[in-house]
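Below is one structure, written out as structure tokens, with a few remarks after it.
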Amino acid sequence: MTTRPTEPRVVFGEAPLSVEQVLALAERRAPSALQDDPGYRERIARGARFLDSLLDREGVIYGVTTGYGDSCVVAVPLHQVEALPRHLYTFHGCGLGRLLDPEATRAVLAARLQSLCQGVSGVRVELLERLRAFLEEDVLPLIPEEGSVGASGDLTPLSYVAATLSGEREVLFRGERRSAAEVHRELGWTPLVLRPKEALALMNGTAVMTALACLAYARADYLLQLATRITALNVVALAGNPEHFDERLFAAKPHPGQMRVAAWLRRDLAIDAPTAPLHRLQDRYSLRCAPHVLGVLADSLGWLRPFIETELNSANDNPLIDADAERVLHGGHFYGGHIAFAMDSLKTLVGNVADLLDRQLALLVDTRYNHGLPSNLSGAPAATAMINHGFKAVQIGASAWTAEALKNCMPASVFSRSTECHNQDKVSMGTIAARDALRSLELTEQVAAATLLAARQGVWLRQREEQARPLPAALAAMHAELAEDFPPLIEDRALEAELRLCLARIRARHWRLYA
């Protein structure tokens with residue numbers, strides 16, 4: 001990418017990073033740096049020196065002087081220790097499935113670097129510097145997304161990071177798929193020869209699932225706001241009752257996120273202004289209960305964030321190296337249970353958003369429930385109304401996308417599989433859960449795109465009525481902006497290109513919605 005950084009520098013080191021900082025790095029909106037004070041760098045170097053001293057004393061260290069996993073009982077003679085890291089990333093080079101996209105890959109590099117920067121992984125400063133250089137120069141390992149069970153770390157996908165740092169396998173560089181060795185030469189770099197423990201430190205962690213979780217969290221946060229704005233537009237399109245969002249009503253059931261969504265709707269609908277006579281006392285649930293549905297996501301994001309950010313800012317490989325106490329600590333911090341739970345939860349929350357918006361779209365197209373709008377939202381004149389079908393097929397598509405998102409709510413974390421000769425006999429499935437969450441978001445964003453275009457059409461149709469009231473300011477601005485890209489549907493036309501454009505706008509967080 002040629003995007004120039006526009007946001008403050010992200011410093012990898014002892015200070016914690018946020019989801020937003022990872023997103024800024026993933027989208028190339030922020031430059032990065034490595035904490036460079038002498039005390040910090042000495043702390044990193046001390047861990048690597050301690051490992052070397054243990055090797056000199058022929059100490060036993062898992063993954064350094066032993067085999068991996070179930071092979072930890074196999075001693076590795078000292079003359080083979082230097083070859084062990086390369087064997088680790090080599091035999092894990094068996095990933096399949098689609099490649100992670102550039103944004104996800106940058107997030108993976110950021111998550112792995114921040115974990116190693118905790119200073120207890122026994123790696124050299126030079127390794128941290130090269131990882132950061134990969135980010136800065138946008139050297140992106142080509143990482144297959146499938147092959148991790150989410151405990152003992154994201155071993156297989158992260159092997160592609162370790163291998164490319166060593167000048168092996170392939171990377172995406174300046175828009176081209178290239179060999180890592182060739183890109184190293186072009187940049188004047190010498191590929192790293194990974195030291196004992198360094199390949200294990202790179203691979204034996206939760207960086208892939210955590211990176212994907214950061215991206216999923218950010219997309220869900222925007223989806224929450226967009227679904228609220230779509231709901232406001234649909235209250236207008238369906239001639240709904242804005243008093244369902246009265247502040248006094250929500251004070252009686254004060255879930256904070258639910259109250260926040262209701263406040264957004266009040267602002268959008270200018271609820272304090274005089275209202276026209278109502279068609280009915282109570283709208284259907286997909287309008288009336290929208291704050292209750294979206295409020296669960298709003299409240300849950302608050303407690304999912306610490307799960308993700310604690311993992312992001314943790315040392316999650318094994319073993320950990322305490323150079324000050326001269327101890328090697330063998331444990332299981334590679335287990336991604338918190339990310340797995342967070343992403344399984346997010347899938348369900350997002351699935352409910354898809355269902356909500358799909359139900360609103362179903363109301364819009366149905367003359368039994370849309371309070372006077374044309375069938376299927378068609379804007380065709382009477383002479384051709386019988387051959388025009390408006391948003392009929394779009395509603396079918398949204399129903400299909402919603403069904404898939406709902407099917408995807410099955411939790412991944414309960415499907416632990418015993419692997420690696422029963423050494424990894426209870427695993428998190430966190431990476432699969434994170435990938436599922438992103439798929440659910442993708443599907444729900446498609447539903448949102450369909451419902452947003454239908455809402456724009458419904459508002460346009462409603463505004464043509466003789467007694468139509470002016471749109472409140474926020475909705476008028478949004479509707480005018482939508483009109484620039486999405487003209488009214490009068491005669492049938494294929495809407496795929498417009499849906500894809502709307503989807504691209506959603507994924508770029510194009511519309512500035514609520515503070």
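Listed values, structure above:
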quantity	calculated
R0 of 30 Å, Cβ-Cβ distance residue 468-residue 393: FRET efficiency to nearest 0.05	0.60
For the chain, share of DSSP beta bridges that run antiparallel, in % to the nearest 5	80 percent
Full-extension gain in nm, residue 493 to residue 385, via 0.36 nm per residue minus C-alpha separation	37.5 nm
Cut-off 13 Å (backbone N to label point 7 Å along Cα→Cβ of residue 439), residues of the range 394-424	404-413
Residue-averaged 222 nm ellipticity for the chain, from DSSP H runs of 4+ at -39500 (n - 2.57), nearest 500	-17000 deg cm²/dmol
Accessible surface of residue 245 - all protein chains present, 1.4 Å probe, nearest 10 Å²	0 Å²
Accessible surface of the chain, 1.4 Å probe, proportion on carbon and sulfur as whole %	55 percent
Added length on full extension, which subtracts the Cα-Cα distance from 0.36 nm per residue, residue 369 to residue 182	61.1 nm
Sequence of 34, 187 when ordered by accessible area, the most exposed leading, probe 1.4 angstrom	187, 34
Hydrodynamic radius of the range 372-497 per Kirkwood, over alpha carbon pairs, in Å	17.8 Å
138, 322, ranked by accessible area, largest first (probe 1.4 Å)	322, 138
For the chain, Kirkwood radius (reciprocal of mean inverse C-alpha pair distance, Å)	24.9 Å
Bins of 10 Å, starting at 0 and running to the largest distance - Cα pair percent for the range 234-314	17, 43, 23, 11, 5, 1
The range 436-515, accessible area per residue, ligands and nucleic acids excluded (1.4 Å, Å²)	47 Å²
Under 19 Å from the residue 126 label point (7 Å along Cα→beta-carbon), backbone N, the range 162-191	162-168, 181-191
Per residue accessible area of the range 357-408, 1.4 Å probe, in Å²	47 Å²
Of the DSSP H helices in the chain, those whose Cα atoms cover at least 27 Å axially and whose Kyte score averages -0.5 or more	207-237, 290-312, 337-365, 430-463
Contour excess over end-to-end distance, with Cα ends at residue 15 and residue 45 and 0.36 nm allotted per residue	9.0 nm
Euclidean distance of C-alpha centroids, the range 207-260 and the range 132-172, integer Å	36 Å
For the range 141-190, convex hull volume per residue from C-alpha positions, Å³	68 Å³
Sequence-separation-based contact order of the chain, relative, with Cα cut under 8 Å and 6+ spacing, percent	16 percent
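The values are calculated or read from the model by the stated rules, or taken from the named source; none is laboratory data. Fair warning: this is a prediction, and the values are worked out from it, not measured in the lab. Glycine also receives a Cβ, built like all others from the backbone with ideal geometry; neighbour counts cover every protein chain displayed. Please note that ligands, DNA and RNA were not included when accessible areas were found on the heavy atoms of the full protein model with its side chains. Shrake-Rupley method; radii C 1.70, N 1.55, O 1.52, S 1.80 Å.
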